[in-house]
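Written below as structure tokens is the structure these notes are about.
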Amino acid sequence: MILDNLSLTENITEDSEFIPLLSKDEEDSLLNTDTPAELAILPLRNTVLFPGVVIPISAGRDKSLKLLRDAYKDKQIIGVTTQKDASNDDPDIQDINIIGTAAKIHKMIKLPDGNTTVILQGLRRFRIEEFTTTEPYFKAKIDLIQEIKPTEIDEEYKAIIDSIKEVAVEIIKNNPNIPSEATFAVQSIESPSFLVNYVASNMDLRMDQKQKLLSESNQKFRATETLRHLNVELQKVKLKNDIHSKTRSEMDQQQREYFLNQQMRTIQEELGGNTQEEEVNELRERATQKQWSEDVAEHFDKELKRMQRLNPQMPEFSIQRNYLEFMLDLPWDMTSKDKLDLKRAEKVLDEDHYGLEKVKERVLEYLAVLKLKQDMKSPIICLYGPPGVGKTSLGKSIARALNRAYQRMSLGGLHDESEIRGHRKTYIGAMPGRILQNIKKAGTSNPVFVLDEIDKLSRSAHGDPTSAMLEVLDPEQNTAFYDNYLEMGYDLSKVLFIATANDVSQIPAPLRDRMEMVQIHGYTVEEKTQIAKKYLLPKQLEAHGLQKGDVVLGKRELEFIVDGYTRESGVRTLEKHIAKVVRNAAKDTAMDKEIEPKFTKAKLEEILGPPREANKYENNLVPGVVTGLAWTSVGGDILFIESIISKGNGDLSMTGNLGKVMKESAQIALEYIKAHHEKLGIPLDLIEKSNVHVHVPEGAVPKDGPSAGVTMLTSIVSTFTRRKVKANIAMTGEITLRGKVLPVGGIKEKILAAKRAGIKQIVLSEDNRKDVLEIEKTYVKGLIFNYVKTMEEVLDIALLKTKG
């Protein structure tokens, strides 16, 4: 076993003589020691002895002990060489390297454990020429090897020696296993050749590498190779130190966190706070009280065990805890019990909303089936119609009628799919989707869920939320709605989804196909009057702290407000004006003024300002002016289409901020007139030499759609023939080049607008007859309907024989 020769003091007794490091003269003296031609050969297992170097060895083999005792007793020089195979306990002649070092025995020390330690010092290198005997130990004839020394003026050799010293000192500094005194020893060596031998002997090299260095006769080459091995050793030492430093730093950080966590746990226990175990136990206790399936319970247990393995100070711990708390907060299989009293439900719906018979009937049908079947998938209803007709508030009434929780989610402007499906919980700040957030707020899995303004969803770079809604609103898929945050399916089939929209054309067809579309039409003047009297006025009185009789508005006064200050299908503007009247009364009451509870038209005009003139039918004095019916986002309206002719080349021009479809309708009308000019009694020469100009007043308002086709054709024919249009008549319908009249939409809103404007007679397509039959008779009372199939019928009905 090789030992560091700088630690020999541990193995040498007090009476041992001191063995100094060699000076140049001492090295020369050793080299000149008389060496016999025949030496006893001592094979060493894993040690190479270099000239001048002192090493301790442990002797254990009988042959070796016999040799050492004889030589030590007679103060003989021995030959030391190295075995080729260190594991061979009984080496033969061929197992021994032929290059070795002649050595002097300085001391033999018997240790307390029975082993013998021998201190050897190398003298000169030799080569075995011939073994003379093998018993009782090896003896051989040797030949001393002469050293090839560099010249004294070889600067390169000097530089190599200086480098060996520097690198050796650097290794000693970086290797904690070498005592710092070794630096002094290296720097104190004067002899270059001894420095090389000393460093080579103490380097961490394999035996074959050391043996190769010993076999080298050229001192300069041996020094170069030693320096190369030293540099490799220095890199290894630095690399080990770097690794040790990093691992120690990580270990220190972990120990620091551990001790801090232990201190925090102790502090929490002293203050009565929750430790990690208490938090886990609390979550586990809550889980035992949940109504959920085995799959959900298994998933929860798995995630809870994962939380137990996390360090409470790591960010992942709080993320995991929030996730588990969200799972516990979801209602899962917990549902509220429906009140299946149909008469009570009908009464609740009538209390909150006036009219809306179709919607009320659909809710009662659902309740009836639920009462008979006890378990069914909830319908997905989409209420569409103009603003302010009560679509959103109807959802709250349905929830009250069913005795269910109510949740509303506004989809207006929503453009990120993650708002619906949530984010993966691995992201910082991840949250579940708004669908499950609202289910959590509701506390039950069967609330009435209003998806407000579903037609206002928009697509962006963050995904398409309308596509995400396909799964939510599909009864076949929403039994296992997948939220990215929850990472498992959640049953939405018991939720009664009610979507609301103004313009169904903005809803993608696949989404529209999944919903049951129920149209809510605008209100008539009579309906608005009843709504104001039964709902809006009492609501505003309560909101402003007044009693029932403090403000009295009769039927005529309410109709005055509806006609003079509102122009809408719903009742929002009407409610604002009633609120203004009530606020005026509240102010006078607060100032202790005497007020008359009954408000007259004059008083209302004083509070609300002068009434606005609604679009009213004017007259039929001028040919070419025809009243049309239009649908807008706030309900129906009437519009006037005017046309004149002037000398020209048969050109058509249009004004009034018209859209592409509306312009095409005018072109179709003019081409139809040209094709049938004889039947219409219009000279072709007049058409070809006249320019036609069509104008639709209120040019600031954009207008489009095909429903003004019959109106435009009637207007142009009236202009060419100078025949007047029948008084108090309005029309709507699309035309074709063959003169066919096609059906259009928004019939109820258009009829209500016509009635408000004082129209008495309406011309419609024959295919719109079914739409009129669906409208309550009270809405169409006093109106005459003419159903037509061709433009000839329209002109026969609308144009008089008299000319203007």
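The values are calculated or read from the model by the stated rules, or taken from the named source; none is laboratory data. Keep in mind that this is a model prediction, so the values were computed, not measured. Using ideal geometry, Cβ is built from the backbone for each residue, glycine included, and neighbour counts are taken over all protein chains shown. Accessible surface areas use protein heavy atoms only, side chains included; no ligands, DNA or RNA. Shrake-Rupley method; radii C 1.70, N 1.55, O 1.52, S 1.80 Å.
Taken over segment 328-337, residues that are polar (S, T, N, Q) and open to solvent by less than 50 Å² (accessible area, probe 1.4 Å) amount to 1. Between residues in segment 83-99 that are in contact (Cβ under 8 Å) with a residue 24 or more places away in the chain and residues that are open to solvent by 40 Å² or more (accessible area, probe 1.4 Å) and hydrophobic (A, V, I, L, M, F, W, C), which pairs lie under 6 Å by C-beta distance while being six or more apart or on different chains? The qualifying pairs are 93/131.
The set of residues in segment 487-512 being surrounded by fewer than 21 Cβ atoms within 10 Å (Cβ to Cβ), in contact with a helix residue (DSSP H, G or I) (Cβ under 7 Å, 6 or more places away or on another chain) and aliphatic (A, V, I, L, M) consists of 488, 504, 511.
Every residue, every condition in (1) over 19 Å from residue 654 (Cα atoms); (2) not small (Gly, Ala, Ser), yes or no:
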site: 685; (1), (2): yes, yes
site: 690; (1), (2): no, no
site: 714; (1), (2): no, yes
site: 719; (1), (2): no, yes
site: 767; (1), (2): yes, yes
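Remark: residue 291 matches the filter, which requires a residue to be touching an Asp or Glu at 6+ places or on another chain (Cβ under 6 Å), within 22 Å of residue 440 (Cα to Cα) and touching a residue at least 12 places away in the same chain (Cβ under 8 Å). Within segment 476-493, being outside any loop (DSSP other than H, G, I, E, B) and touching a Pro at 6+ places or on another chain (Cβ under 6 Å) holds for one residue alone: 483. Note on segment 569-581: residues that are within 46 Å of the chain's Cα centre (by Cα) and either open to solvent by 20 Å² or more (accessible area, probe 1.4 Å) or of a type in the set (Val, Ile, Thr) (or both) total 6.
Within segment 301-313, is there a residue that is over 24 Å from the mean Cα position of the chain (by Cα) and within 21 Å of residue 444 (Cβ to Cβ)? No, segment 301-313 contains no residue that is over 24 Å from the mean Cα position of the chain (by Cα) and within 21 Å of residue 444 (Cβ to Cβ).
Comparison of 400, 408 shows that the only residue that is farther than 21 Å from residue 514 by Cβ and charged (D, E, K, R) is 400. Screening residue 802 on (1) open to solvent by 50 Å² or more (accessible area, probe 1.4 Å); (2) not in a strand (DSSP E or B) shows it passes everything except condition (2). If you scan segment 79-109, which residues turn out to be aliphatic (A, V, I, L, M) and over 19 Å from residue 35 (Cα atoms)? Scanning segment 79-109 gives 86, 93, 96, 108, 109.
Scanning segment 530-558 for residues that are loosely packed, with under 15 Cβ neighbours inside 10 Å and touching a residue at least 60 places away in the same chain (Cβ under 8 Å) turns up just one, 534. The set of residues in segment 779-797 that are under 14 Å from residue 754 (Cβ atoms), surrounded by 14 or more Cβ atoms within 10 Å (Cβ to Cβ), in contact with a strand residue (DSSP E or B) (Cβ under 7 Å, 6 or more places away or on another chain) and of a type in the set (A, V, I, L, M) contains only 783.
Which one is most open to solvent (accessible area, probe 1.4 Å) among residues in segment 184-212 that are touching a helix residue (DSSP H, G or I) at 6+ places or on another chain (Cβ under 8 Å) and among the acidic types (Asp, Glu)? Filtering segment 184-212 for residues that are touching a helix residue (DSSP H, G or I) at 6+ places or on another chain (Cβ under 8 Å) and among the acidic types (Asp, Glu), the one most open to solvent (accessible area, probe 1.4 Å) comes out as 190. Restricting attention to segment 693-707, the residues that are open to solvent by less than 10 Å² (accessible area, probe 1.4 Å) and touching a helix residue (DSSP H, G or I) at 6+ places or on another chain (Cβ under 6 Å) total 1. Does residue 527 count as under 29 Å from the mean Cα position of the chain (by Cα), open to solvent by 10 Å² or more (accessible area, probe 1.4 Å) and acidic (Asp, Glu)? When the stated conditions are applied, residue 527 does not pass them.
Evaluating residue 278 against the criteria (1) modelled with pLDDT of 75 or more; (2) surrounded by 15 or more Cβ atoms within 10 Å (Cβ to Cβ); (3) part of a helix (DSSP H, G or I) leaves one unmet condition, (2). Count of segment 494-521 residues, restricted to those that are outside any helix (DSSP H, G or I) and within 26 Å of residue 402 (Cα to Cα), is 17. Screening residue 775 against (1) in contact with a His (Cβ under 9 Å, 6 or more places away or on another chain); (2) among the β-branched types (Val, Ile, Thr); (3) closer than 19 Å to residue 621 by Cα leaves a single unmet condition, (3). Taking segment 153-183 only, how many residues are open to solvent by less than 90 Å² (accessible area, probe 1.4 Å) and in a helix (DSSP H, G or I)? Of the residues in that region, 17 qualify.
The residues on offer are 735, 729, 762, 668, and the sole one that is surrounded by 24 or more Cβ atoms within 10 Å (Cβ to Cβ), modelled with pLDDT of 90 or more, within 22 Å of residue 644 (Cβ to Cβ) and among the aliphatic types (A, V, I, L, M) is 735.
Residues of segment 738-759 that are crowded, with 18+ Cβ neighbours inside 10 Å, out of contact with any Ser or Thr (no Cβ under 6 Å at 6 or more places or on another chain) and at pLDDT 90 or above: none at all.
Identification of strands (runs of 3 or more DSSP E) wholly contained in segment 59-152 with 2 or more residues that are polar (S, T, N, Q) and surrounded by 14 or more Cβ atoms within 10 Å (Cβ to Cβ) yields 78-82, 116-133.
Checking segment 518-528 against the condition returns a match, with at least one residue being modelled with pLDDT of 85 or more and over 21 Å from residue 580 (Cα atoms). Kindly evaluate residue 690 against the criterion of being at pLDDT 90 or above and either more than 30 Å from residue 520 (Cβ to Cβ) or under 52 Å from the mean Cα position of the chain (by Cα) (or both). Yes. Restricting segment 635-662 to residues that are within 48 Å of the chain's Cα centre (by Cα) and aliphatic (A, V, I, L, M), which is most open to solvent (accessible area, probe 1.4 Å)? So the residue we want is 661. Within segment 43-58, the presence of a residue that is over 17 Å from residue 214 (Cβ atoms), assigned to a loop (DSSP other than H, G, I, E, B) and out of contact with any Phe, Trp or Tyr (no Cβ under 6 Å at 6 or more places or on another chain) is excluded. When you look at residue 325, is it assigned to a helix (DSSP H, G or I), touching a Phe, Trp or Tyr at 6+ places or on another chain (Cβ under 7 Å) and within 27 Å of residue 262 (Cβ to Cβ), yes or no? It is false that residue 325 is assigned to a helix (DSSP H, G or I), touching a Phe, Trp or Tyr at 6+ places or on another chain (Cβ under 7 Å) and within 27 Å of residue 262 (Cβ to Cβ).
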